[in-house]
């Protein structure tokens, strides 16, 4: 699976060759996109074999190729 975090921090997943924003249904009754503004949104972690993981709400873990398009902050983060 190919996972993107766009430059605004929105979580997107490539499915059938198309990139789609992911919506949160676990934290709010409204349809809002999942992203790094949520306190349950973790940082990508590089795993063995080249795939990475990211933890999102309710402890769910996504794994695959993660492309993080967010601008880097000073200090390396």
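When residue 10 is tested against (1) at pLDDT below 95; (2) surrounded by 12 or more Cβ atoms within 10 Å (Cβ to Cβ), exactly one condition is not met: (1). Determine, yes or no, whether residue 51 is surrounded by 12 or more Cβ atoms within 10 Å (Cβ to Cβ), free of Cβ contacts under 8 Å to residues at least 40 places away in the same chain and farther than 14 Å from residue 70 by Cβ. The answer is yes for residue 51. Can you tell me which residue in the stretch 21-45 is surrounded by the fewest Cβ atoms within 10 Å (Cβ to Cβ), limited to those that are without any contact (Cβ under 8 Å) to a residue 12 or more places away in the chain and within 13 Å of the chain's Cα centre (by Cα)? This residue is 39.
The values are calculated or read from the model by the stated rules, or taken from the named source; none is laboratory data. No experiment lies behind these values; they were computed from the predicted model shown. Here Cβ is always computed from backbone atoms with ideal geometry, including for glycine, and neighbour counts include all displayed protein chains.
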